[in-house]
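Working notes for the structure below.
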Amino acid sequence: MMDSGVRSGSDVVRAYALGATAAFAGKAFLWGLGALGEDGPGHVIDLLIEETQGTLAQVGARTVDEVRSVTIRHPGALHF
């Protein structure tokens, strides 16, 4: 499980690609509630779904399960 720092759909996909089985995005719902009132959390859910679908498409995965087989680090990337 990944908690803390999940702010977008790309963060959700990143968490799953790294092996998480769940990603918690509690603060995002509070921000939505503060910005839009009672409609905010629903809007945040819609945004997270759209961003997750977009990120999956960008990495060539059709489902969240397929993202586990995506290369996380390019072989030529810098190593620290």
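Quick notes
- Listed by position, the helices (runs of 4 or more DSSP H) contained in the chain that have at least 1 residues being of a type in the set (Val, Ile, Thr) are 9-17, 40-59.
- The condition of being charged (D, E, K, R) and surrounded by 12 or more Cβ atoms within 10 Å (Cβ to Cβ) holds for ASP3.
- For first residues located in region 41-62 and free of Cβ contacts under 8 Å to residues at least 24 places away in the same chain, partners that are open to solvent by 60 Å² or more (accessible area, probe 1.4 Å) and lie 6+ apart or on another chain with Cβ distances below 6 Å form the pairs PRO41/PHE29; PRO41/LEU33; HIS43/LEU36; VAL44/PHE29.
- Among the residues of region 6-34, those identified as open to solvent by 90 Å² or more (accessible area, probe 1.4 Å) and more than 11 Å from the chain's Cα centre (by Cα) are LEU18, THR21, LYS27, LEU30, TRP31.
The values are calculated or read from the model by the stated rules, or taken from the named source; none is laboratory data. These numbers were taken from a predicted model, which means no experiment stands behind them. Ideal geometry is used to build each Cβ from the backbone, glycine not excepted, and the neighbour counts take in all protein chains shown. Protein only, heavy atoms only, side chains kept; ligands, DNA and RNA dropped before computing areas. Shrake-Rupley method; radii C 1.70, N 1.55, O 1.52, S 1.80 Å.
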